[in-house]
1. Take the stretch 228-248 and flag every residue that is surrounded by fewer than 24 Cβ atoms within 10 Å (Cβ to Cβ), touching a residue at least 12 places away in the same chain (Cβ under 8 Å) and of a type in the set (A, V, I, L, M, F, W, C).
2. Given (1) over 30 Å from the mean Cα position of the chain (by Cα); (2) open to solvent by less than 40 Å² (accessible area, probe 1.4 Å); (3) of a type outside the set (Phe, Trp, Tyr), identify the lone condition not met by Gly217.
3. Output the residues belonging to the stretch 191-222 that are of a type in the set (Lys, Arg) and farther than 28 Å from Asp145 by Cβ.
4. Please go through the stretch 186-203 and give me each residue that is more than 12 Å from Ala243 (Cα to Cα) and of a type outside the set (Phe, Trp, Tyr), ordered by number.
5. Can you tell me how many residues within the stretch 178-227 are over 21 Å from Pro320 (Cβ atoms) and free of Cβ contacts under 8 Å to residues at least 12 places away in the same chain?
6. List the strands (runs of 3 or more DSSP E) inside the stretch 257-335, counting only whole elements, that have at least 2 residues being aliphatic (A, V, I, L, M) and open to solvent by 10 Å² or more (accessible area, probe 1.4 Å).
7. Within the stretch 192-234, can you find the residues that are within 25 Å of Gly126 (Cα to Cα) and in a helix (DSSP H, G or I)?
8. Take the residues in the stretch 157-176 that are hydrophobic (A, V, I, L, M, F, W, C) and either under 21 Å from the mean Cα position of the chain (by Cα) or under 15 Å from Asp200 (Cα atoms) (or both), then tell me which one is surrounded by the most Cβ atoms within 10 Å (Cβ to Cβ).
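The values are calculated or read from the model by the stated rules, or taken from the named source; none is laboratory data. Only a predicted model underlies this, so the values are computations on that prediction, with no experimental measurement involved. For neighbour counting, all protein chains shown are included, and Cβ atoms are generated from backbone atoms with ideal geometry for every residue, glycine included. Just so you know, the surface numbers come from the protein's heavy atoms only, side chains and all, with ligands and any DNA or RNA stripped out. Shrake-Rupley method; radii C 1.70, N 1.55, O 1.52, S 1.80 Å.
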Amino acid sequence: MGVTIADVASRAGVSKTTVSRVLNGKGEINENTVLKVRKAISELGYVPSAGAVGLARGTTQMIGMLVPDMAWAWAGIVQAVVETLETEGFGLRMLTWNRGEESLRRLGLQVAAKSFDGLLVIEPEGAMGYIAELHEAGLPVVLIDDRFQRPGFPYVATTNREGGAQAARHLLDIGRRRPLVVTGPEMFGCTQERLDGFVDVYAEAGIEIDQRGVVCGDFDFERCRSLVARALADGLEFDAVFAHNDPSAAGVLAALHEAGLWVPQDVAVVGFDDVEMASYTYPALTTIRQPMREMGEAAARLLLDHVRGSPKAAPSCIVPTSLVIRGSTSGPRSN
């Protein structure tokens, strides 16, 4: 036989009625009791039936958020989500995807217990199929994505192709005609979008970027530093670098400094994202701003619209990028 509500009650040391009230979100229950019941559910792997949960229990006023890990990269998005939800009277339950299948199992238990009314998701590596199944089963889901995944449920994304085009137009405006492009991982759609936007603008200006001028940096500081150092050692001539994220651009700056080159006099550098570190590099980094806070707010509002069943709920939302000019491109050229 499967795990029953009686088993959960026995493990938690409470009555079956109390377990039912926790599952249904009914009545005033001591927080310690709620935690004991939830722990018992998790340990036993209990999946409540629709009858046990109760279809008429209303909402939890909680939103779940699944992120790859608790790294600083998501801080702007998460803060905007929290502020938006609090304004609307909702709380946030954070979940991570850093333990693979175990994380998915815990997510499944939370969903089965109806711990939240909807789910925000950032970059669910290897879990898109499962997330899509949850949505198809009736859970409102919104993906916050900059990697050009286009699921069959609502998402919030940014204009990666236009961002690449903005970087190209700026470099052409300051006279840079021999760019090196340090891309992100080839598996990500945003990598191809950023590259296509950049290459197309140069092509319109009559400049073809050959294959030697495009290298894969994997969004990694050390790899990008090594790639640029190797390009310089191989005699590749370039007067600008477009890196597909800011840590990559920081690696580019490090390699150029180590080679005795001046930025931007010898080589101009443009990154992508406009994370906090972009203001602290030397020189400060010109970058394509990916609007993290706006994406977080838009995603939270989009999900709440779907949770509430609003007839005006949009299917998805695209938030535009913008160019932020700083010292890595704004100085004079050397002769």
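1. Answer for the stretch 228-248, where residues must be surrounded by fewer than 24 Cβ atoms within 10 Å (Cβ to Cβ), touching a residue at least 12 places away in the same chain (Cβ under 8 Å) and of a type in the set (A, V, I, L, M, F, W, C): Ala229, Ala231, Leu232, Leu236, Phe238.
2. The failed condition is (1).
3. Keep residues of the stretch 191-222 that are of a type in the set (Lys, Arg), which gives 194, 212.
The answer is Arg212, and nothing else.
4. Of all residues in the stretch 186-203, those more than 12 Å from Ala243 (Cα to Cα) come to 186-190, 192-193, 196-197, 199-203.
Those that are more than 12 Å from Ala243 (Cα to Cα) and of a type outside the set (Phe, Trp, Tyr): Glu186, Met187, Gly189, Cys190, Gln192, Glu193, Asp196, Gly197, Val199, Asp200, Val201, Ala203.
5. 6
6. Values: elements: 268-273, 286-289, 317-319, 322-324.
In the stretch 257-335, the matching strands (runs of 3 or more DSSP E) lie at 317-319, 322-324.
7. Of all residues in the stretch 192-234, those within 25 Å of Gly126 (Cα to Cα) come to 192-195, 216-221, 223.
If the condition is that a residue be within 25 Å of Gly126 (Cα to Cα) and in a helix (DSSP H, G or I), then Gln192, Glu193, Arg194, Leu195, Phe221, Arg223 are the ones that fit.
8. Applying the first criterion (hydrophobic (A, V, I, L, M, F, W, C)) to the stretch 157-176 yields 157, 165, 167-168, 171-172, 174.
This time we only want the ones that are either under 21 Å from the mean Cα position of the chain (by Cα) or under 15 Å from Asp200 (Cα atoms) (or both), so: 157, 165, 167-168, 171-172.
Details: Ala157: 24, Ala165: 23, Ala167: 29, Ala168: 27, Leu171: 25, Leu172: 17.
Within the stretch 157-176, the match that is surrounded by the most Cβ atoms within 10 Å (Cβ to Cβ) is Ala167.
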